[in-house]
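Enquirer: Structure provided below as structure tokens; questions to follow.
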Amino acid sequence: MKIGLLALSGIRAHDPELLRRGLTLPGFVERSKQVAMLPSLGLLQLAAATPSGHELAYYEASEDRAEPEALYDCDLVAISTFSAQIFEAYSIADRLRAAGVKVALGGLHVSALPDEAAAHADYVAVGEGEHVWPQIVEAAERNATPRTFASRDTAPVDVSRLPIPRYDLLHDRPYNRFTVQTSRGCPWRCDFCASTVMLSERYRKRPVEDVVRDILAIRRLRPNAFIEFADDNTFVDKAWGKELCRALAPLGVKWFTETDLSVADDEELLELIAASGCRQLLIGLESPDASALDGLELRTNFKARRAGQAAEAVERIQAAGVTVNGCFILGLDRHDRGVFERVREFAERTRLFEVQITYLTAFPGTPLYERLASEGRLLQPRRWDLCTLFDVNFQPTLMTPEELRAGFYALTEQLYSREALERRRAPFFSRAVRRARRSGESDRVTV
Ligand code: B12
């Protein structure tokens, strides 16, 4: 069969006022441009798990009606879904099916809502795709009747035996940032989280040599590729994390990942992270207020327990030569109108190199969604297109939605102006220059 893999690319946000104000600010534009250029690792992973004898091609659509014509020549098209673009994915799927092409839908959104997706697909995949995808391909070959395939009905995916994602399918695309997974899942359960924790229960690490193998495969394609680890929380296991960094160091690769504050507990780990080419750690700080974090992480209240150490941890990581992208969620239940100033103050005081602010967002399938739905606080239920992290679709407790938006707009301008960026970043650069002079190298000054 001719199989098309379709990723929906780009960044989504609808609020016209935020788009007008925020998206022209240097700090905002910078990061958006970088991330919008990531391929879909999920689809490349499926490609690697495809039974032999089929012709595979990777495609992208930036919006509804932007699907490449070539998809209509395929026998089967796999579409990977996030909530924010699900309606676009559904209409593309409807058009393909009307033209006689079989469609399989998988990914985070349809894993949470397979019944909704079934109206738009021949085959729906729930959970991790590595084992169900070959079943779908086989079903499509047999022209089997539409149905849902769930990964929980197959053997668990063994991440110590994942093949190299088919990065080679991207050979003619201009990507220079690529994703690799070193681990899946996270031991913490934050009530809002809609990441890969949704796909499987356990936190699992991959063998370090496989991670290196995947990076080398990317480099064969693009020698100077920047690597983003598509993990939920890379450095949960500190000993394994050190092993990973020691293996990365000789590659001379530049990389980015997401983790939690506990990396700052281990000086040796921080040194290894810096020495192995890490340019940035993204950390979910979520709130400058300990009280707002209480109860957010459902297992051990990790985020509230750690709140008092956040500022020091940021300082320690950045002092080691790695920038921090501190992420804050605005509109948590204990956030009042003073929270915007407290976020600004935290970012200034700690000299956070990068700050990400997003609205509290109820993704389908999360405990947060269930709670807000049962409390009648979803403003427009089932408007999945508003699950962008940049659109308010819930009733906050201590503010009106308008107050939340107004505070967010003002904070966006304060955080992402050129002056604010320079003020926060200057100490990092000066330290980096001093460090480079001491060691006689200059490469590490760039991020
Ligand atoms: C890389 C990434 C991106 C890339 C995606 C590139 C692409 N075209 O796919 C870019 C930068 C474009 C991006 C954009 C956005 N993202 Co993003 N992104 C991620 C990130 C960091 C990693 C995703 C990843 O690679 N996972 C690893 C792969 C292996 O897992 P996977 O994709 O789920 O695939 C597995 C299964 O789902 C399944 N599968 C997937 N698709 C299919 C299809 C079929 C047919 C089958 C059988 C199986 C299957 O099999 C795969 C292997 O097991 C995650 C955060 C994280 N740490 O996970 C956020 C995340 C996915 N993003 C998120 C969001 C909100 C967005 C944006 C809406 C942000 C915005 N405002 O624009 C946009 C969406 C834009 C769009 N076009 O859809 C949320 C999604 C939550 C949700 N439930 O929808 C996440 C979880 C982050 C978060 N804050 O919670 N993102």
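Each value in this text was obtained by applying a stated rule to the coordinates, not by laboratory testing. Everything numeric in this text was worked out from a predicted model, so none of it was measured. Reconstructed Cβ throughout: ideal geometry from the backbone, glycine too, with neighbour counts over all protein chains shown.
Enquirer: Run down the lysines and flag those whose C-alpha is under 28 Å from the C-alpha of LYS102, throwing out any fewer than 8 positions away in its chain.
Expert: LYS2
Enquirer: Ignoring solvent entirely, what values of log10 I(q)/I(0) come out of the Debye formula for the chain at 0.09, 0.11, 0.12 Å⁻¹ when each Cα is a single scatterer?
Expert: At q = 0.09, 0.11, 0.12 Å⁻¹ the computed log10 ratios are -0.59, -0.90, -1.08.
Enquirer: Now for a different question. Return an integer: the convex hull volume of the alpha-carbon atoms of the range 326-378, in Å³ per residue.
Expert: Here the figure is 84 Å³ per residue.
Enquirer: Still on this structure, please answer the following. Want the number for GLU370 to THR154: 0.36 nm per residue separation, take away the alpha-carbon distance, what's left?
Expert: Contour length minus Cα-Cα distance gives 75.0 nm.
Enquirer: Rounding to the nearest 10 and keeping the result within 0 to 90°, find how far the Cα-based axis of helix 418-439 lies from the longest principal axis of the chain.
Expert: Tilt relative to the chain: about 80 degrees.
Enquirer: Nearest 0.05, what FRET efficiency do ALA239 and ALA319 give at R0 = 25 Å with Cβ-Cβ as r?
Expert: Approximately 0.65, to the nearest 0.05.
Enquirer: Here is a follow-up. Give, to the nearest whole percent, the P(r) tail of the range 189-348 beyond 24 angstrom, counting all Cα pairs. Working shown, then result.
Expert: Values: 4876 of 12720 pairs.
Result for the distance tail: 38 percent.
Enquirer: Oh, and also: Mind checking the full-extension length gain between GLU348 and SER52? Use 0.36 nm per residue of separation minus the Cα-Cα distance, one decimal, nm.
Expert: Details: separation 296, 0.36 × 296 = 106.56 nm, distance 5.44 nm.
Gain in length upon complete extension: 101.1 nm.
Enquirer: For the chain, find the longest principal axis of its Cα atoms and tell me its angle to the long axis of helix 339-350, 0 to 90°, nearest 10.
Expert: 70 degrees
Enquirer: Please give the calculated 222 nm ellipticity per residue for the chain, where each DSSP H segment of at least 4 residues contributes -39500 (n - 2.57) and the sum is spread over every residue; nearest 500 deg cm²/dmol?
Expert: -11000 deg cm²/dmol
Enquirer: When the scattering of the range 295-447 is computed by the Debye formula from its Cα atoms alone, each counted once and equally, what is log10 I(q)/I(0) at q = 0.10, 0.14, 0.17 Å⁻¹?
Expert: Here log10 of I(q) over I(0) equals -0.45, -0.79, -1.04.
Enquirer: Let me ask you something else. Toward the positive end of the charge dipole of the range 135-258, about the Cα centre and with charges on Cβ (Lys, Arg +1; Asp, Glu -1), which of ALA155, VAL180, ILE227 goes farthest?
Expert: ILE227
Enquirer: Can you tell me the 0 to 90 degree angle between the C-alpha axis of helix 132-142 and the longest principal axis of the chain, rounded to 10?
Expert: The two axes meet at around 20 degrees.
Enquirer: Sketch the reach of a paramagnetic label on GLU312 as a point 7 Å from Cα along Cα-to-Cβ, and name the residues of the range 342-362 whose backbone nitrogen lies under 16 Å away.
Expert: Counting only backbone N, you get 350.
Enquirer: May I pose another question? Full-extension gain between SER439 and ASP266, please, as 0.36 nm times their residue separation minus the C-alpha to C-alpha distance.
Expert: Fully extending the segment from SER439 to ASP266 adds 60.0 nm.
Enquirer: Next question. In Å and whole numbers, how far do the C-alpha atoms of the range 107-239 stretch along each principal axis, longest first?
Expert: 44, 38, 25 Å, listed from the longest principal axis down.
Enquirer: Here's another thing I want to ask about it. Which lysines, on any chain, are close to LYS205 with Cα under 18 Å apart, when same-chain ones fewer than 8 places away are left out?
Expert: Output for LYS205: LYS238, LYS242.
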